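These notes are about the structure you will find just below.
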Amino acid sequence: MKKINPAFFYLGGFIITLIIFVVIHNNNKSSIATDNNVMISSDNINGKQMPEDAIHKGLKNPIAQSPTKNNVLPSIKQHMNELKMAVEKYPKDTLKIREYADFLSEAHMDAQAISNYQKILKINPRRVDILNSLVYLYFDNKDLNSAKITLNKILVIDKNNVDALYNLGAISANMGDRVQARLLWTRIIKEFPKSPLVQKAKESIAQL
């Protein structure tokens, strides 16, 4: 599995369509890498572009399809079952749980992926990488309230997590709280002037 990397994507179909939302996620191998970040457009989020990962390459008919239990090749199904059995055999092994959860996320089995990420958090609730994976999935499923709650958990662990501050601003803006969004992005500009997100924060404030 690819290690988690910071990722960017545009918020499409919400109040502010061009605000960039930063997440830490590992399943977008078709994205264009820039520095240490990944740019993901709203097309990727809405399923208009087919990711080039193991799941999607295993589709019987990869054109305009998303993975389902009926159109994924047997080898991919077998691998998923192997990961599931490994987790069942070693329920405290967070590496195995993480690999299975990432695989489920790639397969668009979001509910199961979320459930397995939460298993890791029960073992170690301070896993910021896992919390960020949940933020991505909650956002992808338009569950902004859960995304906001999860981002606040990250900030309890690391109050200076700039990615989480930016994301919380984006979520706040899309929930209608533009005052809070402005405060969060302004904080990034003032307190973290060397962060690569400063320019994005300025652009996002201009969008309000």
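Things worth noting here:
- Residue within region 98-114 that is part of a helix (DSSP H, G or I), touching a residue at least 60 places away in the same chain (Cβ under 8 Å), within 23 Å of ILE189 (Cα to Cα) and in contact with a Leu (Cβ under 8 Å, 6 or more places away or on another chain) present: no
- Test: residue in region 173-184 that is touching a residue at least 60 places away in the same chain (Cβ under 8 Å) and in contact with a Phe, Trp or Tyr (Cβ under 6 Å, 6 or more places away or on another chain): yes
- Count of region 115-143 residues which are closer than 18 Å to GLY169 by Cα and buried (at least 18 other Cβ atoms within 10 Å of the Cβ): 10
- Test: residue in region 175-194 that is within 14 Å of the chain's Cα centre (by Cα), buried (at least 17 other Cβ atoms within 10 Å of the Cβ) and among the small types (Gly, Ala, Ser): no
- Residue list for region 174-208, restricted to those being over 13 Å from LEU151 (Cβ atoms), part of a helix (DSSP H, G or I), out of contact with any strand residue (DSSP E or B) (no Cβ under 9 Å at 6 or more places or on another chain) and not charged (D, E, K, R): VAL179, LEU183, TRP185, THR186, ILE188, ILE189, VAL198, GLN199, ALA201, ILE205, ALA206, GLN207
- A Cβ distance below 9 Å, combined with a sequence gap of six or more or placement on separate chains, defines the contacts here; from region 84-95, residues that are at pLDDT 95 or above and surrounded by 11 or more Cβ atoms within 10 Å (Cβ to Cβ) reach residues that are outside any helix (DSSP H, G or I) and among the basic types (Lys, Arg) in the pairs THR94/ARG127.
The values are calculated or read from the model by the stated rules, or taken from the named source; none is laboratory data. Source: prediction; values computed, not measured. Here Cβ is always computed from backbone atoms with ideal geometry, including for glycine, and neighbour counts include all displayed protein chains.
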